[in-house]
1. Only one residue in A:Val127, A:Val182 is in contact with a His (Cβ under 8 Å, 6 or more places away or on another chain), at pLDDT 95 or above and either open to solvent by 10 Å² or more (accessible area, probe 1.4 Å) or part of a strand (DSSP E or B) (or both). Which one?
2. Take B:Asn267 and decide whether it is in contact with a Gly (Cβ under 8 Å, 6 or more places away or on another chain) and of a type outside the set (Ser, Thr, Tyr).
3. From the list A:Gly353, A:Gly357, A:Gly327, pick out the single residue that is free of Cβ contacts under 8 Å to residues at least 12 places away in the same chain, under 25 Å from A:Leu46 (Cα atoms) and outside any strand (DSSP E or B).
4. Determine which single condition A:Lys273 fails, assuming it passes every other condition in (1) open to solvent by 20 Å² or more (accessible area, probe 1.4 Å); (2) more than 12 Å from chain B (Cβ to nearest Cβ).
5. So which of A:Lys322, A:Lys285, A:Lys335 ends up being open to solvent by 50 Å² or more (accessible area, probe 1.4 Å), in contact (Cβ under 8 Å) with a residue 60 or more places away in the chain, more than 10 Å from every other protein chain (Cβ to nearest Cβ) and not hydrophobic (A, V, I, L, M, F, W, C)?
6. Could you grab the pairs with beta carbons closer than 8 Å, sequence gap of 6+ or different chains, first residue in the range A:74-89 and part of a loop (DSSP other than H, G, I, E, B), second one β-branched (Val, Ile, Thr) and at pLDDT 90 or above?
7. For the range A:234-243, indicate whether the set of residues that are open to solvent by 40 Å² or more (accessible area, probe 1.4 Å), more than 7 Å from chain B (Cβ to nearest Cβ) and hydroxyl-bearing (Ser, Thr, Tyr) is non-empty.
Protein chains: 2
Amino acid sequence: MWTKNFSSIRLFLKSEQGHMEEEMKNSFIAIKHHINGFPVESDFELKSQPLRLSAHPGSTDIVLKNLFVSVDPYQINRMKTLSPSHASSSVTPFITPGLAISVHGVAEVVDSDDSKFEKGDIVEGIVHWAQYSVVKAGESALMKLDTLEFPLTYHLGILGMSGLSAYVGLFDIGRVKEGDKVFVSAASGSVGNLVGQFAKLHGCYVVGSAGSDQKVALLKEKLGFDEAFNYNQQKDLKSTLTKYFPNGIDIYFDNVGYEMLEAAVANMNPFGKVVVCGAISEYTKSMSRKGSALNMVDIVYKRIKIQGFLVSDYLNVFQDFKSKTAGYIRSGKMKAVEDISVGVHNIPSAFIGLFHGNNIGKKIVKLA
Amino acid sequence: MWTKNFSSIRLFLKSEQGHMEEEMKNSFIAIKHHINGFPVESDFELKSQPLRLSAHPGSTDIVLKNLFVSVDPYQINRMKTLSPSHASSSVTPFITPGLAISVHGVAEVVDSDDSKFEKGDIVEGIVHWAQYSVVKAGESALMKLDTLEFPLTYHLGILGMSGLSAYVGLFDIGRVKEGDKVFVSAASGSVGNLVGQFAKLHGCYVVGSAGSDQKVALLKEKLGFDEAFNYNQQKDLKSTLTKYFPNGIDIYFDNVGYEMLEAAVANMNPFGKVVVCGAISEYTKSMSRKGSALNMVDIVYKRIKIQGFLVSDYLNVFQDFKSKTAGYIRSGKMKAVEDISVGVHNIPSAFIGLFHGNNIGKKIVKLA
């Protein structure tokens, strides 16, 4: 999973010279209140606010027209009521009801008072679930985007943070070796499908779980997974995994937590590794439900390692990852799987859909 | 925790020449049936069997008079009914009702048909909860014991597998650094007290939990722990740990599992490590109770690593560990804490007592 601390991004500029400049309306998505549990449409609102499309001289502001924004499950954790546990654990800035929501995106520079950027530049960085953003380069980790002649959306998915999550989780945290038996949950999701593709390229046996027969077919027929199964059709996940891994699991890339994690631990080989990228089934749990029930006796006897990570700790390998992955795409060894909605007003449904398994691959919203 | 696969150790020799040799009775402890849950006295029996005190020529047998045997919580896992989950996970040979129970011990050679050992040698290796054992050197990992002028019992505790568990867990799995804030559960136990002592020598802030005020006093007054608390007197372990670790936990050395583990994870710092040496509170759980409830969202956001280990994987560092630790003892920097019962018939109560917190330090039974 990825997140990073970008504080105090100013979305809107006040007009300081008494409405001398042309103003327009900027639409954006906000939460009405903190969300604990499953998100629903009524938790969100489409708001708008006046926006001046020119950067104020001396401000170093950059005005961006957002083209594509990412939609990821981890955002729900930023929408929760801040608890002491959150406060101690989280490196993510929480989302304030009524204000614009920061998110990774690809945008076009409309105007810039920062000399490193100029009108027409295509950039990537932290923008908002909004039509326009006014940002500062450093706070938004803004970079000119070298598209490498790939579609812009690739830079939010297979060549972006989703891809880097898969890459780092598998190679750096999981230390995957040729011949390893790898299990991936949420395998048709933004990160999961890439974990499977990377693992196959690395000579592994790869099985994925997903929530529909359509997704299972995609994994097996288009993405090269050795096996895949629809978890909604299994009575006993532990037995299912024993069936698909008669010789045990070496690496479990976990995106979901709970029962799937418990079943994977029961099927792990000695010295097996659990790479914890996310835990979507825990993100929306009720406050009273406890966490994933891990058999610590198994953890000891099988010397299992369980490790969480955040992709934002690995930006130093981003360029390596990107050039390697671009090569795989060009040679047809990897495929991008994307699921694109259109329009700022459709962001809430796109986001809510993540928790119902509606997306296949990377969920992106096209804004312009 | 430690365990190793020693199969087919022969405890008794048949007299093959028609009772030509002097026989005596060898007393040993066996389980009457598999034990699932808390062990009680009636689960065990004191048995005896005829024993010939001379090794049969050509057999390579070594006849041992056992002097001290180890009593450790992990043995309960070997006494359980074999389940498929056990079978896949365990490297420990299971204990068969009615037969002698293998265990680490210190013994004296009574007779030997192995040229590498002779009568009077003091040895360490896998013997039995019995007065005598007949073993083969390789199968029992038998080694002549260089006492280094320390009491024999030290070689089962502070200079033996308990010490190596603490050492490897803290330094190899935990990668402890000077200044780390370290929490140890079962801190007055065989491994826990040594973890705390090693961590203090390494310049850490160390807090231990134990089950009585007497144990707490020992930790703080004799063993140099910065703080210790009686977990039986705490209402909310999470708050207790927050009180003792206002700046968070860097390393949690877990010997118990369950609520203590859950509370520790809630109090861990980013990049914190959980070293899973044992899970005594899970060893005796009912089959229906699930494992420790881990907050996987914390695991991800705090990039926590949880890793189980078995000391038997680290015998290559045993000599290094031993000479270093011997130096600490000689210079008064480390202390051995031992709890010794006497007599083979007292082994069951010594063992059962482990699960009620009766022992302080390494539990050993003196046999001769």
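The values are calculated or read from the model by the stated rules, or taken from the named source; none is laboratory data. These numbers were taken from a predicted model, which means no experiment stands behind them. Note: ideal-geometry Cβ built from the backbone for every residue, glycine included; neighbour counts use all protein chains shown. Side chains are part of the model used for accessible areas, which takes the heavy atoms of the whole protein and leaves out ligands, DNA and RNA. Shrake-Rupley method; radii C 1.70, N 1.55, O 1.52, S 1.80 Å.
1. Details: A:Val182 fails: in contact with a His (Cβ under 8 Å, 6 or more places away or on another chain).
Matching residue, one of A:Val127, A:Val182: A:Val127.
2. On the way: in contact with a Gly (Cβ under 8 Å, 6 or more places away or on another chain): yes; of a type outside the set (Ser, Thr, Tyr): yes.
Answer is yes for this residue.
3. On the way: A:Gly357 fails: free of Cβ contacts under 8 Å to residues at least 12 places away in the same chain; A:Gly327 fails: under 25 Å from A:Leu46 (Cα atoms).
Every option except A:Gly353 fails the conditions.
4. (2)
5. On the way: A:Lys322 fails: open to solvent by 50 Å² or more (accessible area, probe 1.4 Å); A:Lys285 fails: more than 10 Å from every other protein chain (Cβ to nearest Cβ).
So the residue among A:Lys322, A:Lys285, A:Lys335 that is open to solvent by 50 Å² or more (accessible area, probe 1.4 Å), in contact (Cβ under 8 Å) with a residue 60 or more places away in the chain, more than 10 Å from every other protein chain (Cβ to nearest Cβ) and not hydrophobic (A, V, I, L, M, F, W, C) is A:Lys335.
6. A:Met79/A:Ile31; A:Met79/A:Ile35; A:Met79/A:Ile95; A:Lys80/A:Ile35
7. Going residue by residue through the range A:234-243, those that are open to solvent by 40 Å² or more (accessible area, probe 1.4 Å) are A:234-236, A:238-239, A:242-243.
Going one step further and asking which of them are more than 7 Å from chain B (Cβ to nearest Cβ), we end up with A:234-236, A:238-239, A:242-243.
If we keep only those that are hydroxyl-bearing (Ser, Thr, Tyr) too, we end up with A:239, A:242.
Yes, that holds for at least one residue.
Condition check ((1) of a type in the set (Phe, Trp, Tyr); (2) within 24 Å of A:Ala279 (Cα to Cα); (3) open to solvent by less than 50 Å² (accessible area, probe 1.4 Å)) across all residues:
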site: A:Phe117; (1), (2), (3): yes, no, yes
site: A:Tyr132; (1), (2), (3): yes, no, yes
site: A:Leu145; (1), (2), (3): no, no, yes
site: A:Gly157; (1), (2), (3): no, yes, yes
site: A:Gly163; (1), (2), (3): no, yes, yes
